[in-house]
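The numbers here are math on the coordinates, done by the rules we state, and not lab data. Just so we're clear, the structure is a prediction, and the values are computed from it rather than from any experiment. Ideal geometry is used to build each Cβ from the backbone, glycine not excepted, and the neighbour counts take in all protein chains shown.
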Ligand code: NAD
Ligand code: DAU
């Protein structure tokens, strides 16, 4: 039975990935979820799998070399799926150090531990091992020409401390491939949306604020463009790269779904108005009048857009979820999980929100 070590499995994409993999492989795989449970990690996200015999959770920090080496010593890990990271651009602008520590040093710890566990005496690697490093399209910087896209060959040009730390981590993975022929792949994905996303990110933040009649903060002119992908389609791409990706290669993942932020906000408002029953008191709150243009994000990248040609042609990946369906599913999920939202927005989230949005 293949054993996956998933880092950051209690976060947004990590928890969706754990569900995706059990839906697809059932009892044929084992997953060990290693997560430090920062503000972004929530074990409640995994309540649907916690009783499975082939799932286990270890609370550990990827910066903790000893703890990570112990996990490799005690388990025969076949595949590392490395999600764990500080993931929010706005936080990286305020406090960059932890992004370097977790995203760069933490990745170095993970790479070193996997290399030590998987390396044969002659410097080759045991059969069937793979390190999948989950990265972002933000490493490529910002596109100005509307006809331009991010390809795997696009030079790295990160602007935020977050994207600079992810770019550094990607380059470390590449260095392991180039130097040791380490069996790794890198995936660079566009903006994900779906269940379990922490409401510091645009889509769940707008849903949450709209339901409680709070202002909907739109940075700058609202015309920055992001390329949105339903989280399950990202998980499907990661699984395909693990299964079929050529060792050492990188793959961009994105579904050609570019939208201006203001369009996203208006779509959420419309979807909420459609879905909420007339007798739901929150319905009266939901209105475009809540939209408030606020100070722009520092160094705000204007446009991201992925060219997914390589993963589509070489591995046969295509997204399954149209944006219109995905956003409806997402809005419905948040409406049906108001307890989840209440839980994650209690406590320190309130301080974060006040500090970030000066309210
Ligand atoms: P998230 O912030 O929701 O989750 C991150 C998880 O990592 C949390 O569970 C957190 O507790 C854990 N973590 C943080 N620091 C840790 C540490 N030092 N040790 C162990 N665990 C730690 O993030 P996400 O949005 O799910 O993103 C997951 C990965 O995917 C990240 O690497 C991110 O860069 C990448 N990515 C995200 C997107 C997106 O749109 N969200 C798009 C492309 C790539
Ligand atoms: O592109 C992939 C990246 O997508 C991932 O690597 C990151 O981990 C993930 O957080 C996401 O980064 P963004 O900065 O694009 O996502 P965010 O949801 O923070 O913002 C999306 C857009 O919406 C961005 O242009 C900023 C804008 N925005 C965001 C917030 C939180 C607003 O206008 N208002 C807001 O309140």
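Would you compute the Debye intensity of the chain from its alpha-carbon atoms alone, equal scatterers and no solvent, and pass along log10 I(q)/I(0) at q = 0.09, 0.10, 0.11 Å⁻¹ to two decimals?
The Cα Debye sum returns log10 ratios of -0.48, -0.60, -0.73.
Between the helical axis of 323-336 and the dominant principal axis of the chain, each derived from Cα atoms, what acute angle in degrees is found, rounded to the nearest 10?
80 degrees
Can you classify segment 26-109 as rounded, prolate or oblate using the Cα gyration tensor, where a ≥ b ≥ c are the square roots of its eigenvalues, rounded means a/c under 1.5, and otherwise it's prolate if a/b beats b/c and oblate if not? Please list the in-between numbers first.
On the way: a/c = 2.56, a/b = 1.50, b/c = 1.70.
In terms of gyration-tensor shape, oblate.
Peptides 345-357, 79-91, 153-165: what's the order by average Cβ count within 10 Å, highest mean first?
Working: 345-357: 13.2, 79-91: 23.5, 153-165: 18.8.
Top of the packing list down: 79-91, 153-165, 345-357.
As a footprinting exposure proxy, order 107, 267, 136 by other Cβ within 10 Å, with the fewest listed first.
Going from least to most buried by this count: 267, 136, 107.
If packing is taken as the average number of other Cβ atoms within 10 Å across a peptide's residues, how do 178-188, 122-132 rank, most packed first? Mind showing how you got there, number by number?
Working: 178-188: 19.3, 122-132: 15.2.
Listed from highest to lowest mean packing, they are 178-188, 122-132.
What ranking do 306-316, 19-29 get when scored by the average of other Cβ atoms within 10 Å per residue, highest first?
Listed from highest to lowest mean packing, they are 306-316, 19-29.
Between residue 280 and residue 74, 0.36 nm times their residue separation minus their Cα-Cα distance comes to what?
Details: separation 206, 0.36 × 206 = 74.16 nm, distance 5.17 nm.
Extending this stretch completely gives an extra 69.0 nm.
How many angstrom lie between the C-alpha centres of segment 125-201 and segment 34-49?
Answer, in whole Å: 23.
Can you give the angle from 0 to 90° between the axis of helix 161-180 and the longest principal axis of the chain, with both taken from C-alpha atoms, to the nearest 10?
20 degrees
Is segment 30-182 rounded, prolate or oblate when judged by the Cα gyration tensor, a ≥ b ≥ c being the square roots of its eigenvalues, rounded requiring a/c under 1.5 and prolate requiring a/b larger than b/c? Each step should come with its number before you reach the end.
Values: a/c = 1.88, a/b = 1.28, b/c = 1.46.
Oblate is the answer for segment 30-182, as a/c is 1.5 or above yet b/c matches or exceeds a/b.
Where does helix 202-211 land angle-wise versus the long Cα axis of the chain, in degrees 0 to 90, nearest 10?
The answer is roughly 40 degrees.
Given a Förster radius of 22 Å and the C-beta distance between residue 309 and residue 260 as r, what FRET efficiency does 1/(1 + (r/R0)^6) yield to the nearest 0.05? Kindly include the intermediate steps, with their values, before the conclusion.
Working: r = 24 Å, r/R0 = 1.08.
Once the sixth-power term is evaluated, E becomes 0.40.
Determine the calculated [θ] at 222 nm for the chain from helices alone, applying -39500 (n - 2.57) to every DSSP H run no shorter than 4 residues and normalising by the residue count; nearest 500 deg cm²/dmol.
Numbers: 12 runs with 141 residues, N = 359.
Result for the chain, helices only: -12000 deg cm²/dmol.
Could you give the length gained by full extension between residue 43 and residue 179, i.e. 0.36 nm per residue of separation minus their alpha carbon distance, to one decimal place? Please list the in-between numbers first.
Working: separation 136, 0.36 × 136 = 48.96 nm, distance 3.69 nm.
Answer, rounded to one decimal: 45.3 nm.
Once you have a ≥ b ≥ c as the square roots of the Cα gyration tensor eigenvalues for segment 143-182, tell me rounded if a/c is under 1.5, and otherwise prolate or oblate according to whether a/b is larger than b/c.
Details: a/c = 4.80, a/b = 1.70, b/c = 2.82.
It is oblate, given that a/c is not under 1.5 and a/b is not larger than b/c.
Would you order 279, 61 from fewest to most other beta-carbon atoms within 10 Å of each residue's own beta-carbon? Could you put the intermediate results ahead of the total?
On the way: 279 6, 61 18.
So the ranking, lowest neighbour count to highest, is 279, 61.
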